[in-house]
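One structure below.
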Amino acid sequence: MRYLVAMLFGLIGAGLAAVFVSSFVSDWVVAHQTFDSSDEAENLDMLVYVGTNVVGLIIGWLVGWVIGAPLDREKQTT
């Protein structure tokens, strides 16, 4: 049960990061850099966007892992 809760929270964390955080972070990072071509700017934008989503996934998974711990303990005692 703990794994299920962690995966659910990971999905929610990644979704929230994609909707509310990633685009702002990637735009901010790209705005503070200078580039020789637009391809370099687009590559960095996508890298930061995906990286921020991965961080949101990991944070959500960790929160779910902690929240799911009591559910796992209840299963072991019965």
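Out of S22, S26, report the one residue that is of a type in the set (S, T, N, Q), in contact with an Asp or Glu (Cβ under 7 Å, 6 or more places away or on another chain), assigned to a helix (DSSP H, G or I) and at pLDDT 95 or above.
S26
Residue-by-condition table, conditions (1) without any contact (Cβ under 8 Å) to a residue 24 or more places away in the chain; (2) part of a helix (DSSP H, G or I); (3) not small (G, A, S):
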position	(1), (2), (3)
L4	no, yes, yes
F9	no, yes, yes
L16	no, yes, yes
V30	yes, yes, yes
T34	yes, no, yes
L44	yes, yes, yes
Y49	no, yes, yes
T52	no, yes, yes
W61	no, yes, yes
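Does Y49 satisfy being hydroxyl-bearing (S, T, Y) and modelled with pLDDT under 95?
no
Within the range 16-40, track down each residue that is in contact with a helix residue (DSSP H, G or I) (Cβ under 8 Å, 6 or more places away or on another chain) and within 29 Å of L62 (Cα to Cα).
If the condition is that a residue be in contact with a helix residue (DSSP H, G or I) (Cβ under 8 Å, 6 or more places away or on another chain) and within 29 Å of L62 (Cα to Cα), then L16, A17, A18, V21, S22, S23, V25, S26, D27, V29, V30 are the ones that fit.
For the range 38-56, state whether one or more residues are exposed (fewer than 13 other Cβ atoms within 10 Å of the Cβ) and of a type in the set (D, E).
Yes, some residue in the range 38-56 is exposed (fewer than 13 other Cβ atoms within 10 Å of the Cβ) and of a type in the set (D, E).
Among (1) of a type outside the set (S, T, Y); (2) part of a helix (DSSP H, G or I); (3) farther than 24 Å from L16 by Cβ; (4) touching a helix residue (DSSP H, G or I) at 6+ places or on another chain (Cβ under 6 Å), which single condition is R73 missing?
It is condition (4) that R73 fails.
If we scan the range 50-63, do we find a residue that is of a type outside the set (A, V, I, L, M) and touching a Ser or Thr at 6+ places or on another chain (Cβ under 6 Å)?
Checked against the condition, which is being of a type outside the set (A, V, I, L, M) and touching a Ser or Thr at 6+ places or on another chain (Cβ under 6 Å), the range 50-63 yields at least one hit.
The values are calculated or read from the model by the stated rules, or taken from the named source; none is laboratory data. All values reported here derive from a predicted model rather than from experimental measurement. Note that each Cβ is placed from the backbone with ideal geometry, even for glycine, and that neighbours are counted across all protein chains shown.
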